[in-house]
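Asks: Dropping the structure in here first, questions after.
The values are calculated or read from the model by the stated rules, or taken from the named source; none is laboratory data. Quick caveat, the model's predicted, so the values are computed rather than measured. Here the Cβ positions follow ideal geometry from the backbone for every residue, glycine too, while neighbour counts run over all protein chains shown. Calculation scope for accessible area: heavy atoms of the full protein, side chains included, ligands and nucleic acids excluded. Shrake-Rupley method; radii C 1.70, N 1.55, O 1.52, S 1.80 Å.
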Amino acid sequence: MRVFVTGASGFIGSAVVPELIGAGHEVIGLARSDISAEVLTAAGAAVHRGALDDLDSLRDGAAASDGVIHLAFNHDFADYVGAARTDRRAIEALGAALEGSGRPLVIASGTLGLPAGRVATEHDAPSASPRNAGAQAALTFAARGVRSSILRLPPSVHGEGDHGFVPALIGMARSTGVSGYIGDGSACWPAVHRLDVARLFRLALEQAPAGAVLHAVAEEGIPVHAIAEVIGRHLNLPSASIPDNEADEHFGWLARFLASDVRVSSTVTRKLLDWQPTGPGLIDDLDRDHYFHNPSA
Ligand SMILES: NC(=O)c1ccc[n+]([C@@H]2O[C@H](COP(=O)([O-])OP(=O)(O)OC[C@H]3O[C@@H](n4cnc5c(N)ncnc54)[C@H](OP(=O)(O)O)[C@@H]3O)[C@@H](O)[C@H]2O)c1
């Protein structure tokens, strides 16, 4: 298949590209800069110049493809609502270009906003949010002749090159001298290794039925205190509870994510696509040490 991949130069995209090429697909990656174009060329992908807010570039890329994987997202927490709006418009443009073709459109979504207090499944709808509006938009194309599916990713997609929440926690522990968690730290984060995610994106592209909601989750939920304890051990810092009323001040923008307690199952996904995660768990991955040599942490 000739696959148009947005976000192909990112943390997850740079695992998806070799996964697709290794399975015999041809990859055309969206690049908004010379640096990203060079990264894609080095990975063996063709380059399609454009950007998320250049909807013509997205339509052209999708129309010339046999299928699309959409991973690009501007992770600017200063304007998250704006980034989510750009994402939704991009998804609508990609979907419209594939309308009536039966071709696949697989988009990255998240598990944040799924119901708390029990194990959430693929059948659960997330709370309404600007980001989840993009996922909803993708699913509407299932009724318009697009084999669209969404892959919900947990807050920790981990592995070499991670620059997400776990490195942010490590950075925070370094700067405050404490590897903290909120309250008793029993809030859980689901997790998955990026190579398992890459394989699931390929399987979804090849096989997911129209309208499928998939969970890229290997571990249902890891208590945040367990993550903080490993970080503390590696940095030789105490791990400690931060009271609820000090969490915003201590953790800043991360507080909201640390407090989110969502356990997530992937039973339906595993059965539907015969997907079995094989990568290390998050705690084992942290013990492999690469997180503590990452300059961005
Ligand atoms: N990593 C996680 O733990 C995690 C968890 C849940 C959900 N997700 C979701 O999974 C997807 C991939 O995440 P990631 O970790 O791979 O992200 P990432 O490493 O930050 O990569 C983002 C990608 O999007 C591209 N991009 C950003 N803004 C763009 C724009 N305006 N126009 C064109 N391209 C643009 C970047 O291109 P440049 O190379 O030019 O910067 C890069 O290729 C995202 O939707 C993310 O929200 C990730």
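Asks: Which of the chymotrypsin sites (Phe, Trp or Tyr not before Pro) found in segment 131-229 are in a DSSP loop and have at most 12 neighbouring Cβ atoms, other than their own, within 10 Å?
Replies: When the chymotrypsin sites (Phe, Trp or Tyr not before Pro) of segment 131-229 are filtered for loop state and at most 12 Cβ neighbours within 10 Å, nothing remains.
Asks: Show that you can apply the helix-only estimate: for the chain, add -39,500 (n - 2.57) for every DSSP H stretch of four or more residues, divide by all residues, and state [θ] at 222 nm to the nearest 500. Don't skip to the end; give the middle numbers.
Replies: Details: 12 runs with 120 residues, N = 297.
Helix-only estimate at 222 nm: -12000 deg cm²/dmol.
Asks: Of the candidates 186, 148, 156, which one comes out as most mobile in a Gaussian network treatment of the chain with C-alpha springs shorter than 10 Å?
Replies: 186
Asks: A further question on this structure: Output ³J(HN,Hα) for segment 241-252: one whole-Hz value per residue in order, computed from phi by the Karplus curve 6.51 cos²θ - 1.76 cosθ + 1.60 with θ = phi - 60°, and x for Gly and Pro.
Replies: 6, 10, x, 3, 6, 10, 5, 4, 5, 6, 9, x
Asks: For segment 145-282, what is Rg from Cα atoms divided by 2.2 N^0.38 Å, rounded to two decimals?
Replies: For segment 145-282, the normalised Cα radius of gyration is 1.16.
Asks: Could I have the simple spin-label model distance between residue 123 and residue 246, label points 7 Å from Cα toward Cβ, reported in nm to one decimal?
Replies: Going by the 7 Å Cα→Cβ label model, 4.4 nm.
Asks: How many nm is it between the label spots at residue 206 and residue 234, if each spot is 7 Å from the Cα in line with the beta carbon?
Replies: Taking the two extended label points, one gets 3.2 nm.
Asks: Applying 1/(1 + (r/R0)^6) with R0 = 22 Å to the Cβ-Cβ distance of residue 140 and residue 63, what FRET efficiency is obtained, to the nearest 0.05?
Replies: Here the calculated transfer efficiency is 0.70.
Asks: Still on this structure: Would you work out what percent of the accessible area of the chain, with all protein chains in place, is carbon or sulfur (probe 1.4 Å)?
Replies: Taking all protein chains in place, the chain shows 50 percent carbon and sulfur surface.
Asks: For residue 215, enumerate residues with amide H under 5 Å from its amide H, sequence gap 5+ or separate chain, H modeled in the peptide plane.
Replies: 152, 269
Asks: Compute the distance in nm between two label points, each set 7 Å from the Cα along the Cα-to-Cβ direction, one at residue 267 and one at residue 288.
Replies: Those two pseudo-labels are separated by 2.9 nm.
Asks: Continuing with the same structure: So if I place +1 on the C-beta of Lys and Arg and -1 on the C-beta of Asp and Glu, and nothing else carries charge, what would the dipole magnitude of segment 240-293 be about its Cα centre? I want it in debye, nearest 20. Walk me through the numbers before you get to the answer.
Replies: Working: 5 positive and 10 negative charges, 89 e Å.
Taking the Cα centre of segment 240-293 as origin, the dipole is about 420 debye.
Asks: Counting DSSP beta bridges with both partners in the chain, what percentage is antiparallel, nearest 5?
Replies: Expressed as a percentage, antiparallel bridges in the chain total about 10.
Asks: Please report how far the C-alpha centroid of segment 118-164 lies from that of segment 39-103, rounded to the nearest whole angstrom.
Replies: Cα centroid to Cα centroid, the span is 15 Å.
Asks: For segment 95-178, what mean projected area does the convex hull of the alpha carbons give, in nm²? Walk me through the numbers before you get to the answer.
Replies: Details: hull surface 32.0 nm².
In nm², the orientation-averaged hull projection of segment 95-178 is 8.0.
Asks: Follow-up. Take the eigenvalues of the Cα gyration tensor for the chain, scale each by 5, and report the square roots as semi-axes in whole Å, largest first.
Replies: Here the semi-axes work out to 32, 20, 18 Å.
Asks: Just to verify a number: FRET efficiency for residue 160 and residue 74, C-beta to C-beta distance, R0 = 25 Å, to 0.05?
Replies: Efficiency computed from Cβ-Cβ geometry: 0.65.
Asks: Would you mind estimating how fast segment 63-202 diffuses translationally, via Stokes-Einstein at 4 °C and 1.567 mPa s with the Kirkwood radius over Cα pairs, in µm²/s?
Replies: The diffusion coefficient I find is 77 µm²/s.
Asks: With a 1.4 Å probe and every protein chain left in place, work out the accessible area per residue of the chain in Å², rounded to a whole number.
Replies: That works out to 42 Å² for each residue.
Asks: On to the next question. Using only Cα atoms, find the angle between the long axis of helix 224-235 and the longest principal axis of the chain, and express it within 0 to 90 degrees, rounded to the nearest 10.
Replies: Here the helix axis deviates by roughly 70 degrees.
Asks: Could the peptides 96-103, 219-226 be put in order, highest first, of the mean number of other beta-carbon atoms found within 10 Å of their residues? Write down the numbers at each step before the final one.
Replies: Numbers: 96-103: 16.1, 219-226: 19.6.
Highest to lowest by the protection proxy: 219-226, 96-103.
Asks: Just name one of 47, 195, 62: the one whose Cα is farthest towards the positive end of the charge dipole of the chain (beta-carbon charges, Lys/Arg +1, Asp/Glu -1).
Replies: 62
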